[in-house]
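Contents: one structure, followed by commentary.
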Amino acid sequence: MYLKKSFYIPLFIIAVLIALSFSLTGRNGAESNSFRDIVLQFNTYNGYGNNLYIDNVLTGIQADFDIMATSIINIPYDTNYSIKNSGSDTVSPVVSVANVGRSILLESDSALVYLYINGGYYFDSAYLPGMNPGQSAELELNPLIYTIGMPLYLKAYIKYNVDTARLNDTLRQYSIYLPGYERKVMFEEFTSNSSPACANNNQELNNFINNNFQNVCAIKYHLGHMLPDSFYMSNPAQNDERARYYFAQSVPYSVVDGIKKINIPYGDSINLYVPYFQRLSQGTPVNMTLTDERISGDSIKASINLNVISSLQNGNYKLRIAAVERYVFSEAANGERNFYDVFRRAYPDSAGIEISLNKGSYSYQYTYLRESNWVDSMIYTIAFIQNDDTKEILNCAKGRNEVYQRAYSSKRPVGRGSDYLGSYYESKIYDPLLLPADSIQSNLNVEIFEAYFPPVGWKVFNRDGNVTFSQFNGANGPTIGGSKSVIMAFFDYPAIGQKDSMYSKRYISLLHVDTLRFDYAYAQYGADYIDSLIVKISTDGGESFPAEIFRKGGFNLRTAPQTTSFFIPQNSTQWRSFKSPLSNFVNAENEFQILPEKFTLLQNYPNPFNPVTRIKYEIPYKEFVSLKVYDLLGQEIKTLVSGIKDAGMHEESFDGSSLSSGVYFYKIETQGFTDSKRMILIK
């Protein structure tokens, strides 16, 4: 026995040494300290200008053959609510994949996506379609039947034999559907009787609401734009309060369940029906019923019953009650005559009633006066539960189910989502541009913002609780195909000076030669409205962000012509792609360079000087720099720098041997920054 032990001891030592040698090496034999983990921070500063879009955040280096599982489109991560109280439910999972390599994916039997749930409880696969570099596709798999309340551990992964970057082949996600109820969907519009744009769009919105009245609660707030609006003048304070709540600065402006802005034109059925069906298919933990009772005299008593079946996320929940007039005939300056669901008054006020939504049943009653200028037979009550932290409306109810629709034809379909959307998800392929090439092979991490927002591992910090980063459907960056991106809606954000932040997930094991990329699009509203974007980098898991990789604002940020309309990029020419190697900010020894946070021109030293002095300046990222010396008359004496400089502190020497004593100036110019200082030569 002793001999056997002594024989294994040398083997054990050798094994430990081998293990240590592997732990000290990494990809391509590089030492472990050449790896690093990073977190990106996107900061915006609001100048009430026009919209900014961000898409396709990439880290790493592009491989030749690389297919990526990017998201599970229709199963949100973490906690969700079923439309059923108990039992089981069904969903057909939709997996999004993208070709993020340099080479074309040819359709073949060897390229598949698999979805594996709960250790084999569900298993299905689909062949990948042919995709050019940068293209993405959405593949619908067979239905998943799940038990409500059962945790779902999902794993989507790619089988592609020649894939040379395996790190991003697998997507893991945890989801759970708790017991819930079917919801009614809340549509809120801000409109004006004097706006031609409202006249052009409102008939389509009215048709939509009337055709889906059983599943919709609708309120139309009127604003005092341009000419006087009689509906606005009857209650200007509360109409304005609700507009400020959503930062609705233009008309028409509509939002679904407090969180999904509707694009115009409303005549495009996709703009109305897609957000409607998306919300209708998502359950809610709160069931609401509302009954209106006419009290003898001139009052209405609204009785509201709530039943909370599942625990809610933390939030600031309010019960809001509104009197709404179903139909009013009125001749308006913009040509409109038929007005539906006109907001009349909020009770007890616009702030609503603060409530606790623990599991259980709750009853509320509120009695309000029927005012003399209201048509009694058309007045009804709408109540809804809204989380002021996120603005999401959990559910709504109303005291009227009769449509009372004026006779004009509807062009829109009627029915639930599957009837209208059909095979919306079936192997949909997008056509983007080719990814820019890199010289070194490595793993590529991509976030294309096509699934639920924020993506897994990402977070948004909204300091003032108002406009912030959100998902936008209808604009996509050129690097990788899709239909969605992230928007910062500066256009609707009058709180000038506010900062909002979006943090990426933690990207692991990057090399200092790996590349950081993202697409962005921005149009100025006007020269006096300066919005800005600053992107910073962290290497300590997001605890600190000492270096900037991107800083632009106003004219220098713009990618499209100036416009006073709500900016939506129309094509790839209105986007730009930022690209920079990590080595601009991290050296090969993995030491994080302490980079300046802003452009700075320092005072020369010594000063006064004879005949040589040193001039220092700091730049936060790689940029073209011009540094010149001038005399008192503004004549150029010497060019010290004219070219691209890396981020960091720089120093230049100036020799005044050939000059006479006197005062001189030196001036630095970069894109978006100019400064000058005085120096004195004494001989």
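Each value in this text was obtained by applying a stated rule to the coordinates, not by laboratory testing. Nothing here was measured: the structure is a model prediction, and the numbers come from that model. FYI the Cβ positions are ideal-geometry reconstructions off the backbone, even for glycines, and counts take in every protein chain you see.
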Using a 4.7 Å Cβ cut-off, which Cys residues in the chain lack a partner cysteine?
-> Cys198
With a/c under 1.5 counting as rounded, go ahead and sort the range 600-681 into rounded, prolate or oblate using the C-alpha gyration tensor (a ≥ b ≥ c being the square roots of the eigenvalues; past the cut-off, prolate if a/b is larger than b/c, else oblate).
-> prolate
In the range 150-221, trypsin sites (Lys or Arg not before Pro) in a DSSP loop with at most 16 other beta-carbon atoms within 10 Å | none
Once the Cα atoms of helix 236-246 and of the chain are each reduced to a long axis, what angle between those two axes, in degrees from 0 to 90 to the nearest 10, is obtained?
-> 40 degrees
How many times 2.2 N^0.38 Å is the alpha carbon radius of gyration of the range 185-406?
-> 0.97
Counting each DSSP H run of 4 or more residues in the chain as -39500 (n - 2.57), what helix-only mean residue ellipticity at 222 nm follows after dividing by all residues, to the nearest 500 deg cm²/dmol?
-> -3000 deg cm²/dmol
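With 28 Å as the limit, write out which pairs from Lys499/Lys628; Lys220/Lys552; Lys84/Lys505; Lys536/Lys616; Lys84/Lys484; Lys260/Lys459 have Cα-Cα distances beyond it, or answer none.
Lys499/Lys628; Lys220/Lys552; Lys84/Lys505; Lys84/Lys484
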Compactness of the range 68-179 as Cα Rg over 2.2 N^0.38 Å, two decimals = 1.13
Choose one of Leu394, Phe187, Pro228: the residue whose Cα lies farthest towards the positive end of the charge dipole of the chain (beta-carbon charges +1 Lys, Arg; -1 Asp, Glu; about the Cα centre).
-> Leu394
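Please state the relative contact order of the chain as a whole percent: Cα pairs under 8 Å, 6+ residues apart? Each step should come with its number before you reach the end.
Working: 1684 pairs, mean separation 123.8, N = 683.
With pairs under 8 Å counted, the relative contact order is 18 percent.
Could you tell me what fraction of 2.2 N^0.38 Å the Cα radius of gyration of the range 217-327 comes to, as a two-decimal ratio? Don't skip to the end; give the middle numbers.
Working: Rg = 16.9 Å, N = 111, 2.2 N^0.38 = 13.2 Å.
My calculation over the Cα atoms of the range 217-327 gives 1.28.
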For the chain, the percent of all C-alpha pairs falling in each 20 Å bin, from 0 up to the bin holding the max distance, is 15, 42, 29, 12, 2, 0
Treating each Cα of the range 283-392 as an identical point scatterer and ignoring solvent, apply the Debye formula and state log10 I(q)/I(0) at q = 0.12, 0.13, 0.17, 0.24 Å⁻¹.
-> -0.50, -0.58, -0.87, -1.31
Could you give the nm distance between label points at Ile355 and Asp675, where each point is 7 Å from its Cα heading toward the beta carbon?
-> 5.5 nm
